[in-house]
Structures are given as C-alpha cells and as structure tokens.
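Data block below; observations after.
The values are calculated or read from the model by the stated rules, or taken from the named source; none is laboratory data. Please read these numbers as outputs of a predicted model, since none were measured by experiment. Here the Cβ positions follow ideal geometry from the backbone for every residue, glycine too, while neighbour counts run over all protein chains shown. Just so you know, the surface numbers come from the protein's heavy atoms only, side chains and all, with ligands and any DNA or RNA stripped out. Shrake-Rupley method; radii C 1.70, N 1.55, O 1.52, S 1.80 Å.
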Amino acid sequence: MSIWSRISQALSALSQGESLSSVFDHLRAPPERSVAFTIAVIALGAKMAKADGLVTRDEVTAFREVFQIAQKDEANAAKVFNMARQDVAGFEEYATRIKGMFGAVHGRPDDLMEGLFHIAVADGEYHPNEDVFLQRVAEILGVEDHAFKAMRARFVPDAEADPFTVLGVTPEMSMEDIRKEWRRLVRETHPDAMIARGVPEEAVKIAEKRMIDINRAWDQINEAA
C-alpha cells in the first residue's frame, strides 16, 4: 500500500467535522510516523502558501521537490493540501500538535523543517513572510536557532552561505570537533537513518541536497585549515 493510500485511510478515520489538525493525535505510534510526517509537511506547506500571499503556483508541483508523487496519487496529496488551507485552525495549532507527535515517536523536526524549506524556495523566491512563518514553526517545534540558520543557509540563495553556518559549527571549534559534527550529519543524512526516523521513502530526496551541502562545507573548512 502506498503512502498516499495510507494517508487517505487516515483522513477517512477522522470524525465528521473534525479538523485536519486532529489527525496528528491519531498518528502517534511508530508504524504511522511516515504518514504523519507526510501530512505534516503538506499541511504546514499549505499554511505557508497562505502566509506568503502567493498561491498561484501549482503547489502539488512544489511538493514534488520533496515527495515523489505518482499521477494517480495527486488527488490524495491535493486533498490534504486543500483541507489544511481551508481549515480555520491556525498554523501555530498545527505546529503545536505536530510537536506532540514528534515527542511521541522520537522523530526529527529538522526533517520536517527541511521539507518546508524545499517548498518555500520551490517557486524561486523566499518571501519575508515565509521566513517569519518558518522561524515561528521552528520555535514551536523546538528546533535550535543554529540548526534553523544552517538550514536557511543551505536552502535560501540570498542567505549567508558560510560553511561554518551550514554545518552548525563555529570557527572557534577545533578541527576535530568540526569533523565529528560533519560525520554526525553525514550519518543522520543517510537514507536508512531518515527512514528509521519516520521519513517516508518517497521523501528521502530531502537528503540529497543536505548531503551535497554539508560535504561542500566540510571541504571548504578543511581546505582552509
């Protein structure tokens, strides 16, 4: 069964009149973590699309920057997006419920944030309102400031592409400590590690850019040492 069929089942299980944000209360066990992750990215992506005021792009196409969506599954992806966009619940309520979900399954909010960054820059523009939105979501999810800045440096063309920021380290750290952090990031970026955290196979493409950027940053720091 595809991830999108499982998402359809999860939505069907919602009580009549129940908000989409309630779905995260039903997806706390590890077997459902990949379903919850996918819905979280799409739902917050929908809220972010409203935040920047630019909803003219094909959002399903933007989601392809994160997920591999077969044509037959586009309807289910669009259904989640539209439910979130039309839901009266604000993005902060979504983020708070998702925070509880991550706490229950020991997931990684960084993975979710990177998915949202993919969507934010998919149209070639990083709107100031998107930056405010993502900073607030990161705050609610408990993403540390240095981790948020590292993600922004990797994804946003106009952001400061300092290699130390990309790795989430400082120039004052020893090369050995920087090397340890680089190796940790490489381990965590491996597709098997991401799937074990609940990132669905359809979304491991998220890791491709991360791996390229962290290796480039390490090379720059190592060569300058």
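For the chain, build the convex hull from the C-alpha positions and give me its volume per residue in Å³. Intermediate results must be reported in sequence, preceding the final value.
On the way: hull volume 26.1 nm³, N = 225.
Output value, Cα hull per residue: 116 Å³.
For the Cα atoms of the chain, what angle does the longest principal axis make with the long axis of helix 145-155, in degrees from 0 to 90, nearest 10?
Around 90 degrees separate the two axes.
Please compute the Kirkwood hydrodynamic radius over segment 131-197, one decimal place, Å, based on all pairs of different Cα atoms.
Computed over segment 131-197, the radius equals 13.2 Å.
Using a 1.4 angstrom probe with every protein chain in place, what is the largest-first accessible-area order of THR165, THR189?
Output order, biggest surface exposure first: THR165, THR189.
Find the relative contact order for segment 65-147 and round it to a whole percent, using C-alpha pairs within less than 8 Å whose residues are 6+ positions apart.
Normalised by residue count, the contact order of segment 65-147 is 41 percent.
Quick one: if the Förster radius is 35 Å, what FRET efficiency do SER5 and GLN135 give, using the C-beta to C-beta distance and rounding to 0.05?
0.50
Sorting LYS99, LYS209, LYS47, LYS180 by accessible area (1.4 Å probe), largest first, what list results?
In descending accessible area the options line up as LYS180, LYS99, LYS209, LYS47.
GNM, the chain, Cα, under 10 Å: largest mean-square fluctuation among PRO109, PRO128, PRO163?
Checking each option, the largest mean-square fluctuation is seen for PRO128.
Using Cα springs under 10 Å in a Gaussian network model of the chain, which residue among ILE98, ILE195, ILE119 shows the largest mean-square fluctuation?
The residue with the greatest mean-square fluctuation here is ILE195.
Output the relative contact order of the chain, whole-number percent, from Cα pairs under 8 angstrom with separation of 6+ residues. Show your work: numbers first, answer last.
Numbers: 240 pairs, mean separation 54.4, N = 225.
Reported as a whole number, the value is 24 percent.
What pairs from LYS47/LYS209; LYS50/LYS205; LYS47/LYS79; LYS149/LYS209; LYS50/LYS149 go past 21 Å between their alpha carbons?
Check vs 21 Å cut-off fails for LYS47/LYS209; LYS50/LYS205; LYS50/LYS149.
Using Cα atoms only, what is the angle between the long axis of helix 175-189 and the major principal axis of the chain, expressed in degrees (0 to 90) to the nearest 10?
20
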